Amino acid sequence: MADPTYTPPEVWTNTESGGKFAGINRPTAGAREQRDLPVGEHPLQLYSLATPNGVKAGIMLEELIEAGHDAEYDAWTVQISDGDQFTSGFVDVNPNSKIPALLDRSGPEPVRVFESGAILLHLAEKFGAFLPTDHTRAEVLSWLFWQIGSAPFIGGGFGHFYAYAPEKYEYPINRYAMETKRLFDVADKRLADSEYLGGSDYTVADIAAWPWLSPFVIGGIYGEARTFLSIQEYSHVERWVKAIAQRPAVKRGRIVNKTWGEDDEQLRERHSPADFEGKKL
């Protein structure tokens with residue numbers, strides 16, 4: 001049976017829609033509470049949560065440190081379910097009130113960087129790492145922005161209607177399941193011919209895409225989504241996911257600002273490499 005038909009009103013007004021994040025979603029921007037952000041001793045201050053978008057920045061910073069760059073940083077948890085992203089301090093760093101956000105205090109004036117792709121690009125250019133400067137740069141950037149443009153279909157589309165929406169309707173689930181599978185197929189076909197998304201080298205394109213694709217491969221996102229979407233079909237994505245998962249920096253970065261799961265898999269704040277001691281990596 002088809003889903004009930006909704007007739008949109010002539011003029012839309014905000015209504016309580018239910019769902020996991022209904023209590024914090026509003027059609028307006030700006031701060032809702034006056035509260036400063038904490039600041040640590042390092043030039044780089046990360047404000048995030050270990051969601052697929054949020055974990056990108058932690059992985060990038062840990063990869064830079066692993067590669068020998070002076071990219072030490074402080075990472076502070078932003079509890080989006082509690083509305084921390086709407087405090088005045090966070091809005092000053094990211095007027096879009098989304099995680100992650102980065103404050104780079106290494107120069108004469110602090111530089112705010114928001115949106116995960118912008119953070120990866122800023123850090124790659126700042127340290128001259130994980131972004132080629134030769135003819136392959138355009139390919140890497142194309143795959144980076146492919147992921148940035150794809151994430152809303154997977155998270156806000158499939159994830160929302162399959163896992164978080166208060167009612168399960170056939171049309172939106174089918175629509176976004178199809179798009180999610182298409183995106184996996186795009187990646188799988190690319191990875192059949194290339195070790196990494198951008199080519200033969202590991203780059204910001206992989207750092208951006210891995211946190212979104214890997215939970216579908218190894219499980220742990222949106223309940224039974226792996227089975228529902230038959231993710232086992234994408235063998236080249238699986239090879240790529242498992243290879244990247246073994247990187248020491250990825251093992252560390254994926255738990256930065258993580259506040260759920262077993263205690264030894266959480267790291268609410270990160271201020272030095274010593275914070276990983278005793279953690280399950």
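The values are calculated or read from the model by the stated rules, or taken from the named source; none is laboratory data. Predicted model only: the values in this text are computed from it and were never measured. Positions of Cβ are backbone-derived with ideal geometry, glycine not excepted, and every protein chain shown enters the neighbour counts.
For the reader, a short list of remarks on this structure follows.
- Sole exception among (1) outside the structural domain of residue 155 (by TED's automatic domain parsing); (2) assigned to a loop (DSSP other than H, G, I, E, B); (3) in contact (Cβ under 8 Å) with a residue 12 or more places away in the chain; (4) more than 30 Å from residue 199 (Cβ to Cβ) for residue 264, by number: (2)
- Candidates in the stretch 138-149 are the residues that are surrounded by fewer than 22 Cβ atoms within 10 Å (Cβ to Cβ) and not β-branched (Val, Ile, Thr); of these, the one that is farthest from residue 196 (Cα to Cα) is 149.
- Screening residue 23 against (1) outside any helix (DSSP H, G or I); (2) in contact with a Leu (Cβ under 8 Å, 6 or more places away or on another chain); (3) not acidic (Asp, Glu) leaves a single unmet condition, (2).
- Any hit, the stretch 191-208, residues being within 19 Å of residue 160 (Cα to Cα) and not assigned by TED's automatic domain parsing to the domain that holds residue 125: no
- Test set (1) under 24 Å from residue 184 (Cβ atoms); (2) in contact with a Ser or Thr (Cβ under 7 Å, 6 or more places away or on another chain); (3) surrounded by fewer than 21 Cβ atoms within 10 Å (Cβ to Cβ) - residue 241 fails condition number: (3)
- Qualifying residue in the stretch 83-100 (condition: in contact (Cβ under 8 Å) with a residue 60 or more places away in the chain and touching a Pro at 6+ places or on another chain (Cβ under 6 Å)): no
- Looking across the stretch 219-243, the residues that are in contact (Cβ under 8 Å) with a residue 12 or more places away in the chain and closer than 27 Å to residue 136 by Cβ come down to 234, 235, 236, 237, 238, 239, 240, 241, 242.
- Complete set of residues in the stretch 102-121 that are surrounded by fewer than 22 Cβ atoms within 10 Å (Cβ to Cβ), farther than 20 Å from residue 38 by Cα and not small (Gly, Ala, Ser): 121
- Of all residues in the stretch 152-184, exactly one satisfies the criterion of being surrounded by 20 or more Cβ atoms within 10 Å (Cβ to Cβ), among the hydroxyl-bearing types (Ser, Thr, Tyr) and within 14 Å of residue 224 (Cα to Cα), namely 162.
- Test: residue in the stretch 204-225 that is at pLDDT below 95, over 16 Å from residue 238 (Cα atoms), small (Gly, Ala, Ser) and not in a helix (DSSP H, G or I): yes
- Among the criteria (1) over 18 Å from residue 116 (Cβ atoms); (2) out of contact with any Gly (no Cβ under 9 Å at 6 or more places or on another chain); (3) among the polar types (S, T, N, Q), the one residue 45 does not fulfil is (1).
- From the list 239, 175, the one residue that fits, being within 23 Å of residue 60 (Cβ to Cβ), modelled with pLDDT of 95 or more and assigned to a helix (DSSP H, G or I), is 239.
- When every residue of the stretch 154-171 is checked against the conditions, none turns out to be farther than 29 Å from residue 20 by Cβ, assigned to a helix (DSSP H, G or I) and at pLDDT 95 or above.
- Scope the stretch 196-218; condition without any contact (Cβ under 8 Å) to a residue 40 or more places away in the chain and surrounded by fewer than 20 Cβ atoms within 10 Å (Cβ to Cβ); matching residues: 200, 218
- Single condition residue 36 does not satisfy, out of (1) among the acidic types (Asp, Glu); (2) over 27 Å from residue 130 (Cβ atoms); (3) surrounded by 12 or more Cβ atoms within 10 Å (Cβ to Cβ): (3)
- Some residue of the stretch 127-136 being at positive phi, touching a residue at least 40 places away in the same chain (Cβ under 8 Å), surrounded by 15 or more Cβ atoms within 10 Å (Cβ to Cβ) and more than 16 Å from the chain's Cα centre (by Cα): yes
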